[in-house]
Amino acid sequence: QKEVEQNSGPLSVPEGAIASLNCTYSDRGSQSFFWYRQYSGKSPELIMFIYSNGDKEDGRFTAQLNKASQYVSLLIRDSQPSDSATYLCAVNYGGSQGNLIFGKGTKLSVKP
Amino acid sequence: EAGVAQSPRYKIIEKRQSVAFWCNPISGHATLYWYQQILGQGPKLLIQFQNNGVVDDSQLPKDRFSAERLKGVDSTLKIQPAKLEDSAVYLCASSSVFRGSSGANVLTFGAGSRLTVL
């Protein structure tokens, strides 16, 4: 059973702080990793994806991947109240034919 | 580009009734997915199509759920008969393969169809 685990939160951080969101996955065959943001009542929207070990930065967002530890994280720098949402970690196990398996999501609250 | 279109946005039915959801993917996207998202949980894949062929339907409750993708474009997801536990948001997504990667599928989701079964 392929699983993706996330702390459901809520994670509360003050405005301007760094929010750190974590995700672990069960299958070493996993190939690519995605972070989606989902506002309440809305559909998931892609923030970024990563498939190589190390860090990938996009604006205020940094994804970190450690395949040996089966761990992926998302850092949000200078957190804003508009970042308050549920963040879904998703794992692609099957390459170009593979679908995404999602975690349950971590709810982030950024306090002004 | 236009996004993934879904309808209806909301549907309320009694248990044992039937319901159908429609999805039109992003133009040119060969892969289409139906996910079920129950409140407080992450999306769970129901079925994946590549063009008009089924790639994965291992988690589709086939005794009550069916899906088709005629001509490899639009798709319909049907539930008959509905149960209380089918109350969820049904998300349609489509993807094209990201070139230069290990084959990562970047999914774009539609707005979803929220089903309430009473």
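Observations, loosely collected:
- Test result for A:S30, in contact with a strand residue (DSSP E or B) (Cβ under 7 Å, 6 or more places away or on another chain), in contact (Cβ under 8 Å) with a residue 24 or more places away in the chain and within 14 Å of another protein chain (Cβ to nearest Cβ): yes
- Summed over segment B:1-34, the residues that are under 18 Å from A:N92 (Cα atoms) and free of Cβ contacts under 8 Å to residues at least 60 places away in the same chain give a count of 1.
- Segment A:33-68 - residue that is out of contact with any strand residue (DSSP E or B) (no Cβ under 7 Å at 6 or more places or on another chain) and surrounded by 13 or more Cβ atoms within 10 Å (Cβ to Cβ) and, of those, nearest to B:R9 (Cα to Cα): A:K42
- Among the residues making up segment B:22-81, a single one is more than 13 Å from the chain's Cα centre (by Cα), polar (S, T, N, Q) and under 21 Å from B:P8 (Cβ atoms): B:Q80.
- Pairs, first touching a residue at least 40 places away in the same chain (Cβ under 8 Å) in segment B:64-79, second surrounded by 14 or more Cβ atoms within 10 Å (Cβ to Cβ) and among the charged types (D, E, K, R), C-beta under 7 Å, six or more apart: B:S75/B:R69; B:I79/B:R64; B:I79/B:D86
- Selection count where residues are within 14 Å of chain B (Cβ to nearest Cβ) and at pLDDT 95 or above, scope segment A:66-76: 1
- When every residue of segment A:69-90 is checked against the conditions, none turns out to be under 30 Å from B:F49 (Cα atoms), in contact with an Asp or Glu (Cβ under 7 Å, 6 or more places away or on another chain) and either touching a residue at least 40 places away in the same chain (Cβ under 8 Å) or not small (G, A, S) (or both).
- When residues of segment B:32-45 are limited to those that are more than 10 Å from chain A (Cβ to nearest Cβ) and surrounded by 15 or more Cβ atoms within 10 Å (Cβ to Cβ), the one modelled with the lowest pLDDT: B:L32
- Filter result for A:N7 (surrounded by fewer than 16 Cβ atoms within 10 Å (Cβ to Cβ) and touching a residue at least 40 places away in the same chain (Cβ under 8 Å)): yes
- Selection from segment A:1-20 of residues that are in contact with a Lys or Arg (Cβ under 9 Å, 6 or more places away or on another chain) and not in a loop (DSSP other than H, G, I, E, B): A:V4, A:E5, A:Q6, A:L11, A:S12, A:V13, A:P14, A:A19
- Candidates B:V106, B:V89, filtered to the one that is in contact with a Pro (Cβ under 9 Å, 6 or more places away or on another chain), aliphatic (A, V, I, L, M), within 11 Å of chain A (Cβ to nearest Cβ) and without any contact (Cβ under 8 Å) to a residue 60 or more places away in the chain: B:V89
- When A:S96, A:S79, A:S40 are checked against the criterion of being modelled with pLDDT under 95 and either assigned to a loop (DSSP other than H, G, I, E, B) or of a type in the set (D, E, K, R) (or both), a single residue qualifies: A:S40.
- Residue in segment B:13-25 that is at pLDDT 95 or above, farther than 27 Å from A:T106 by Cα and touching a Gly at 6+ places or on another chain (Cβ under 7 Å) present: yes
The values are calculated or read from the model by the stated rules, or taken from the named source; none is laboratory data. On a predicted model such as this, the values are computed, not experimentally measured, just so you know. FYI the Cβ positions are ideal-geometry reconstructions off the backbone, even for glycines, and counts take in every protein chain you see.
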